[in-house]
1. How many percent of the accessible area of segment 1-120 is carbon or sulfur, using a 1.4 Å probe?
2. Would you calculate a helix-derived [θ] at 222 nm for the chain, using -39,500 (n - 2.57) for each DSSP H run of n ≥ 4 and dividing by the full residue count, to the nearest 500?
3. Pulled fully out, how much extra length does the chain show between residue 30 and residue 133, if you take 0.36 nm times their separation in residues and subtract their Cα-Cα distance?
4. Please list, by residue number, every one of the trypsin sites (Lys or Arg not before Pro) in segment 1-81 that is coil in DSSP and has at most 16 other beta-carbon atoms within 10 Å.
5. Over the chain, what is the percentage of antiparallel beta bridges among all DSSP beta bridges, to the nearest 5?
6. If we count every other residue with Cβ under 14 angstrom of residue 152's Cβ, Lys/Arg +1 and Asp/Glu -1, where does the sum land?
7. Under 5 Å between amide hydrogens, which residues at least 5 positions from residue 174 or on another chain qualify, with H placed 1.01 Å from N in the peptide plane?
8. Skip the ligands, DNA and RNA, and give the accessible area per residue of segment 60-159 with a 1.4 Å probe, whole Å².
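The values are calculated or read from the model by the stated rules, or taken from the named source; none is laboratory data. Keep in mind it's a predicted model, so treat the numbers as computed, not measured. Ideal geometry is used to build each Cβ from the backbone, glycine not excepted, and the neighbour counts take in all protein chains shown. Heavy atoms of the whole protein, side chains included, go into the accessibility calculation; ligands, DNA and RNA do not. Shrake-Rupley method; radii C 1.70, N 1.55, O 1.52, S 1.80 Å.
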Amino acid sequence: MAQRGYYNHEELVVDGLKILDFFRNVGCKITIKGLDNLKHVKPPCVFIANHMSTLETLVLPGIIGKNFKATFVIKNSLLKYPFFGRILAAINSIPVTRKNPKEDYRIVMQEGLKRLEQGISVIVFPQATRQTVFDPAQFNTLGVKLAKKASVPAVPIALRTDAWGTGTILKDFGRIDPSKPICFFIGSPLYIDNKGMEEHLQIIRFIEQSLKKCYN
């Protein structure tokens, strides 16, 4: 469908929910909290989340729902993946190098603002790479700066998705471990003031506290 130009946001939402059901059907315990925090948020917004596995890229649009047409900031190499890359291209993702922070910042500010002006929310993973242990030092302020520039709310998401492991042939596609819980906690929207450092710290605290609940 993506190759023929038929893949759209509605398909992305439906497929995300199907994949979530697949994980539930193989025995994974799934917890989703905080959806009520989105009820009074007028799209678009910037979703800011930690990053653990391929799973969140596939299911987050389904979790946040059809009211939030969304795309991702992704590493550009993902666009070259068979099958998966065509889907990311179809939803107009924002590719960055993950090697040149200055150039990546320029791209996200320019292209992210375009998407937001079109009513498309942007999902940002501020970590340079996926991490099963959350490290605030690796969590940059890119999402907060984009929300500030576009004058839209930033919505934090804390997630645990390490039930989908790292692959040996393709890093993004590993084994599934049903003994590990899957958690998505959505926080209250934040409206960025001044340089956004206080809001950035609030997002970090929310992720840290939410992950503790998921690991306990």
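1. C and S atoms contribute 52 percent here.
2. -12000 deg cm²/dmol
3. 35.2 nm
4. Passing both the DSSP loop test and the Cβ count: 4, 29, 39, 66.
5. 30
6. Combined, the nearby Lys, Arg, Asp and Glu give +4.
7. 165, 167
8. Result: 46 Å² of accessible area for each residue.
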